[in-house]
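Working notes for the structure below.
The values are calculated or read from the model by the stated rules, or taken from the named source; none is laboratory data. Computed from a predicted model, the values in this text were never measured in an experiment. With ideal geometry, Cβ positions are generated from the backbone for all residues, glycine too; neighbour counts draw on all protein chains shown.
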Amino acid sequence: MRMPLIAVVVASALILAASYGVEHATAAQAKPDRLKTVLAQMDVGSAKFHSAEASIQKQQFEKIVNDTTTESGSIYFQRIGGAIQMGAKFDPPNAQILEYKDGTLTIYTASTNQLKTYSSGKNQALAQTILALGFGGSGHDLVANWDISDLGSEQMSDGSMSVTVEKLDLRSRDETVRNSYTHITIWVDLARDISLKQVGFTPSGDTDTTIYSNLHLNQPIDLKPFAIKCKGKCS
């Protein structure tokens with residue numbers, strides 16, 4: 001199973017997922033000066049962001065075999081100090097638990113009882129930038145690390161209500177990221193500074209798509225479901 005985004009930084013990945021009953025209209029063309037307003041709104045939302053928990057669906061399309069795989073699960077993002085911590089749990093048949101904390105990505109695969117860890121090392125700041133895409137990331141940080149095209153606003157459903165989102169296309173200024181994703185498109189609820197959808201486009205023509213729904217913002221997170229527990233000794 002190919003895993004996206006954070007893999008760019010730590011040799012494996014986090015999340016991205018698929019067409020999940022999302023309502024959207026053709027994006028309204030953004031005015032040239034709107035991006036400044038959008039980034040300012042993200043700055044305001046970022047200052048208020050502490051945590052987010054959501055359902056996630058992930059779809060990975062591989063062009064060479066014309067095949068799409070879809071998975072679902074749950075995920076959380078939590079700001080600890082000045083850093084973002086992330087945990088994700090994917091349902092069977094490819095049951096996995098992921099945790100990114102203190103610069104280390106840990107992946108547990110239940111079917112093989114296998115535990116793998118990857119350190120982001122000198123790329124920790126970049127890993128944080130990717131993790132915060134639409135989850136607590138400020139507009140200031142976004143413009144510092146990405147070339148941004150504002151594709152306008154759309155209406156989307158977050159699973160409970162319709163919200164207005166801004167569609168932003170991002171091209172990383174970091175070569176490591178560009179080698180894995182030529183560009184990444186995100187749909188951001190500016191009021192809450194959270195992503196409802198992300199799509200990563202690879203140089204080979206593959207796509208990694210994620211949709212987040214049933215979002216809970218700035219509420220206490222029960223970390224027990226995301227705890228990694230090996231069955232006996234992990235391989």
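What to note about this one:
- Restricting attention to region 108-138, the residues being of a type in the set (V, I, T), farther than 19 Å from E53 by Cα and either touching a residue at least 24 places away in the same chain (Cβ under 8 Å) or out of contact with any strand residue (DSSP E or B) (no Cβ under 9 Å at 6 or more places or on another chain) (or both) number 1.
- Strands (runs of 3 or more DSSP E) lying entirely in region 29-142 (those with 2 or more residues that are crowded, with 20+ Cβ neighbours inside 10 Å): 51-62, 67-80, 83-90, 96-101, 104-109
- Checklist (1) farther than 21 Å from T70 by Cα; (2) touching a Ser or Thr at 6+ places or on another chain (Cβ under 8 Å); (3) in a strand (DSSP E or B) applied to D208, failing item: (1)
- For region 86-132, the set of residues classified as hydrophobic (A, V, I, L, M, F, W, C) and modelled with pLDDT under 80 consists of A125, L126, A127, I130, L131, A132, listed by residue number.
- Some residue of region 155-172 being in contact with a Pro (Cβ under 9 Å, 6 or more places away or on another chain) and either at pLDDT below 95 or of a type in the set (S, T, Y) (or both): no
- Residues in region 161-179 that are out of contact with any strand residue (DSSP E or B) (no Cβ under 8 Å at 6 or more places or on another chain) and in a helix (DSSP H, G or I): E175, T176, V177, N179.
- If the condition is being of a type outside the set (K, R) and modelled with pLDDT of 90 or more, then region 12-45 contributes L35, T37, V38, L39, A40, Q41, M42, D43, V44, G45.
- Selection over region 179-219 of residues that are surrounded by fewer than 16 Cβ atoms within 10 Å (Cβ to Cβ) and either free of Cβ contacts under 8 Å to residues at least 12 places away in the same chain or closer than 18 Å to L151 by Cβ (or both) gives a count of 1.
- Within region 143-152, if we keep just the residues that are in contact with a Leu (Cβ under 9 Å, 6 or more places away or on another chain) and either of a type in the set (K, R) or in contact (Cβ under 8 Å) with a residue 24 or more places away in the chain (or both), the residue that is surrounded by the fewest Cβ atoms within 10 Å (Cβ to Cβ) turns out to be D147.
- Within region 81-101, the set of residues being closer than 20 Å to G134 by Cα and in contact (Cβ under 8 Å) with a residue 12 or more places away in the chain comprises A83, I84, Q85, M86, G87, A88, K89, L98, E99, Y100, K101.
- The single condition from (1) within 16 Å of the chain's Cα centre (by Cα); (2) small (G, A, S); (3) over 15 Å from M42 (Cα atoms) that S138 fails is (3).
- For S180, the conditions (1) out of contact with any helix residue (DSSP H, G or I) (no Cβ under 6 Å at 6 or more places or on another chain); (2) over 24 Å from A52 (Cα atoms) all hold with the exception of (1).
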